Amino acid sequence: SLLQVIKCLEKNDVELLEKVKGIIVNNNGKLTKTGQAQIVNNIDDYPFPKLEIFGVKRIKVYKVMGSRGCPFNCSFCFSYLGETWRGRSPEKIIQELCEAKEKYEFERYRFLDPLFNFNSERVHEICDLIIRSDLKGIPWEAAAVRADKIDQALSKHMVEAGCKQVGFGIETLHPDVFKS
């Protein structure tokens, strides 16, 4: 959507802008929602970030997104990446991290996936690849881990691979509040 918006702005064409999916257009106070943006299913097709074009030579915490979307549709969550979960291949994730380690000499990395542990077998594979790579020994974090999709074996494997912190979205422990 962003690329299409830029092209419309270059042409100064508001009518064309209203045809770009995934945005809200304010045309003299009249707001128009343009509909759902097209979801890219194969996110392995995206190139790795090139932070050096912004002058970045070294970064303390490298942020990586290994998946997008979340199918759970929780009322308290702002799911801006769609309701369909799409994951990058574990090999592509590790390749990005290894290349970024060489370029930016990061001290730790953080997975920003909206649902890091949607597929536990995939997380186990990522952990195995981390352990066998140059990333071994570098601490990492998972920003969004779903509490009902993690068990002791997965937790232990993540720690063995260097995971030092996870974020859990625990909204309530009371069943009636959760239902409402």
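The values are calculated or read from the model by the stated rules, or taken from the named source; none is laboratory data. Please read these numbers as outputs of a predicted model, since none were measured by experiment. Positions of Cβ are generated from backbone atoms using ideal geometry, with glycine treated the same way; all protein chains shown enter the neighbour counts. Calculation scope for accessible area: heavy atoms of the full protein, side chains included, ligands and nucleic acids excluded. Shrake-Rupley method; radii C 1.70, N 1.55, O 1.52, S 1.80 Å.
Tabulated results
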quantity	calculated
At most 10 other Cβ within 10 Å, DSSP loop - trypsin sites (Lys or Arg not before Pro), the range 78-162	none
Cleavage-rule hits (chymotrypsin sites (Phe, Trp or Tyr not before Pro)) in the range 28-121: DSSP loop, at most 16 neighbouring Cβ within 10 angstrom	F72, F76, F78, Y80
Reach of K136 by Cα under 19 Å, taken over aspartates and glutamates that are not fewer than 8 positions away in the same chain	E91, E96, E99, E102, E105, E107, E125, D128, E160
Reachable lysines from K50, criterion Cα separation under 21 angstrom, eight or more residues apart if same chain	K60, K63, K92, K101, K103
Most mobile of D148, D113, D134 in a GNM of the chain (Cα contacts under 10 Å)	D148
Highest-MSF residue in the chain out of C77, C127, C163 [GNM, Cα springs under 10 Å]	C77
Extended-chain gain in nm, criterion 0.36 nm per residue less alpha-carbon gap, I131 and E15	36.5 nm
Coordinate range along principal axes, alpha carbons of the chain, Å, largest first	55, 51, 25
Karplus 3J(HN,Hα) series, Hz, for the range 54-68 with 6.51 cos²θ - 1.76 cosθ + 1.60 (x for Gly, Pro)	9, x, 6, 10, 9, 9, 6, 10, 8, 9, 10, 10, x, 7, 9
Accessible area expressed per residue, the range 73-180, with surrounding protein chains retained (probe 1.4 Å, Å²)	59 Å²
From phi via Karplus (6.51, -1.76, 1.60), per-residue ³J(HN,Hα) for the range 94-108 in Hz, x at Gly/Pro	5, 4, 4, 5, 5, 5, 5, 4, 5, 6, 10, 6, 5, 9, 7
All lysines inside 30 Å of K33 as judged from Cα atoms, apart from same-chain residues fewer than 8 positions distant	K7, K11, K19, K21
Per the chain, cysteines lacking a partner by the 4.7 Å Cβ criterion	C8, C70, C98, C127, C163
³J(HN,Hα), Karplus 6.51/-1.76/1.60, whole Hz, each residue of the range 140-145, x for Gly, Pro	9, 9, 10, 6, 9, 10
